[in-house]
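The values are calculated or read from the model by the stated rules, or taken from the named source; none is laboratory data. As the structure is a prediction and not an experimental result, all values here were calculated from the model. Neighbour counts run over all protein chains shown; Cβ positions are idealised from the backbone, glycine included. For the accessible areas, the whole protein counts, side chains as well, though only heavy atoms, and no ligand, DNA or RNA atoms are used. Shrake-Rupley method; radii C 1.70, N 1.55, O 1.52, S 1.80 Å.
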Amino acid sequence: MIDLEPLWLTAKLALITTIILLTVSIPLCYWLAYSKFKFKAAVEAIVSLPLVLPPSVLGFYLLLAFSPKNTFGKFLDQYFDAHLVFTFEGLIIASVLYSLPFMVHPIQSGLKNLPISLKEAAFTLGKSKFTTLTKILLPNIKSSILTGIVLTFAHTVGEFGVVLMIGGSIPGETKVMSIAIYDEVQSMNYYTANVYAAILFSFTFLILLGVYLLNNSFSKTNPLND
């Protein structure tokens, strides 16, 4: 009998992570695309760090930071009664940090590739930065936003190292699909591991196929691509 709870936990984690990152990344990407801050390159490097940093390294340092034996973890425990090690909440924070560049890079690239005249014309007409972003810039980078959403969701679904370090393998709490596959292989239950792996493979393929089809549709209807 296949336990579908890891699938539910994986979808829940990926959805929450994607919503948080979409909310955070849009203003961050606007700032990265148009700011002339002297040390912006350092911020971009920090954002991109999870792309090259081994997941186990990030997971290890998050594990140390969240531990009640260390300053930050002790602060969370004493003042907020928050315990992030081996909890679903800890997985969310770790996933947000680890998947950040997968949301930021497509949206930032989309904004930077827009004609600067769009933003300047909006300012000339007296539009605020918020109105310019939400009513003019974002509607013209729908494909970039969709790409960021799908890549973030798919990347979170496939996370392993960070999830294992922070969450372990607690059924119903932190045992997501990638961990379930690992546990089944460790127990030599290859049939169940294969079922889990096939579900993840099929799911990620379908969502990637969907984003490519939608992006092609957007590119045909967007006048800026003519």
Original post:
Where residues in the stretch 190-204 are of a type outside the set (A, V, I, L, M, F, W, C) and open to solvent by less than 70 Å² (accessible area, probe 1.4 Å), which of them is nearest to L15 (Cα to Cα)?
Top reply: T204
Subject >> Candidate set: the stretch 1-47, residues that are assigned to a loop (DSSP other than H, G, I, E, B) and of a type in the set (F, W, Y); chosen: the one least open to solvent (accessible area, probe 1.4 Å) >> reply: F37
Original post:
Is it the case that P68 is surrounded by fewer than 16 Cβ atoms within 10 Å (Cβ to Cβ) and touching an Asp or Glu at 6+ places or on another chain (Cβ under 8 Å)?
Top reply: yes
Subject >> Condition met for L91 (over 30 Å from T131 (Cβ atoms), touching a residue at least 60 places away in the same chain (Cβ under 8 Å) and within 18 Å of the chain's Cα centre (by Cα)) >> reply: yes
Original post:
In the stretch 58-81, how many are under 21 Å from S99 (Cβ atoms) and modelled with pLDDT under 85?
Top reply: 0
Original post:
Which of the residues spanning the stretch 66-80 are closer than 23 Å to L9 by Cβ and either free of Cβ contacts under 8 Å to residues at least 12 places away in the same chain or of a type in the set (A, V, I, L, M) (or both)?
Top reply: L76
Subject >> Meets criteria (closer than 12 Å to I166 by Cα, in contact (Cβ under 8 Å) with a residue 24 or more places away in the chain and open to solvent by less than 30 Å² (accessible area, probe 1.4 Å)) for L62 >> reply: yes
